[in-house]
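As structure tokens, the structure follows; a few thoughts come after it.
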Amino acid sequence: MPRSGVALLDPLLNLSTKNWDATMAINLRAPFLLAQAFAPGMIAQKSGKIINISSQASLAALDDHGAYCASKAGLNMLTKMMTCEWAQHNIQSNAIAPTVVLTDMGKTVWGPEEKSKPMLSKIPLGRFGQPVEVSDAVVFFASPASDLITGQVLALDGGYTAL
């Protein structure tokens, strides 16, 4: 389950190719390489679970998040492609697309009220996610309870993408 990610924020007109490439390398290329490395073993054992961590920004554009949104949207499609190619080997590939999660980094970036208030106003539940809520979704996708679920992107976003 790849869980690293980077958000190098700039308006598209100011976004450097260096930051674009770094974002794609970490958010899209790394999960691809990890899945490609582990898939042969999963194919050999005729089972496996791939759980990618995407973002609500893969489903709805955010100002100054062009590279991040594109990389996470690409990860969603990569997850679906893994299903197309590997489900026949009993490998389930899914992604989780959380809203802002209050990790240490999330608290630093989204803690100030001037930053958090506009985003919170767009979330019907009126709050950001907690790390345990993401880990609970990972546990579900890793469990036999999700054996019939593959190629899906779970929006763990308090209703943000429903509006």
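At a glance:
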item: Test: residue in the range 94-111 that is open to solvent by 50 Å² or more (accessible area, probe 1.4 Å), farther than 27 Å from Phe32 by Cα, basic (Lys, Arg) and in contact (Cβ under 8 Å) with a residue 40 or more places away in the chain; result: no
item: Residue in the range 68-82 that is open to solvent by 40 Å² or more (accessible area, probe 1.4 Å), farther than 19 Å from Ala30 by Cβ and not in a strand (DSSP E or B) present; result: no
item: Condition broken by Gln88, with the remaining ones in (1) closer than 20 Å to Ser54 by Cβ; (2) assigned to a helix (DSSP H, G or I); (3) open to solvent by 80 Å² or more (accessible area, probe 1.4 Å); (4) not charged (D, E, K, R) satisfied; result: (1)
item: Subset of the range 38-84 [within 17 Å of Tyr160 (Cα to Cα) and without any contact (Cβ under 8 Å) to a residue 12 or more places away in the chain]; result: Ala61, Leu62
item: Residue within the range 55-67 that is buried (at least 21 other Cβ atoms within 10 Å of the Cβ) and not in a helix (DSSP H, G or I) present; result: yes
item: Qualifying positions in the range 140-150 - surrounded by fewer than 17 Cβ atoms within 10 Å (Cβ to Cβ) and either closer than 20 Å to Leu75 by Cα or of a type in the set (Phe, Trp, Tyr) (or both); result: Phe140, Ala142, Ile149
item: Residue match in the range 5-24 (condition: outside any loop (DSSP other than H, G, I, E, B) and of a type in the set (Gly, Ala, Ser)); result: yes
item: Count - residues of the range 112-133 that are surrounded by 14 or more Cβ atoms within 10 Å (Cβ to Cβ), in contact with a Ser or Thr (Cβ under 9 Å, 6 or more places away or on another chain) and assigned to a helix (DSSP H, G or I); result: 1
item: Ser55 vs. criteria under 19 Å from Met119 (Cα atoms) and not hydrophobic (A, V, I, L, M, F, W, C); result: yes
item: Extreme residue, farthest from Met82 (Cα to Cα), among residues of the range 128-163 that are among the β-branched types (Val, Ile, Thr) and touching a residue at least 12 places away in the same chain (Cβ under 8 Å); result: Thr161
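The values are calculated or read from the model by the stated rules, or taken from the named source; none is laboratory data. Please read all numbers here as calculations on a predicted model, not as lab measurements. Note: ideal-geometry Cβ built from the backbone for every residue, glycine included; neighbour counts use all protein chains shown. These area figures cover heavy atoms from the full protein model, side chains too; ligands, DNA and RNA do not enter into them. Shrake-Rupley method; radii C 1.70, N 1.55, O 1.52, S 1.80 Å.
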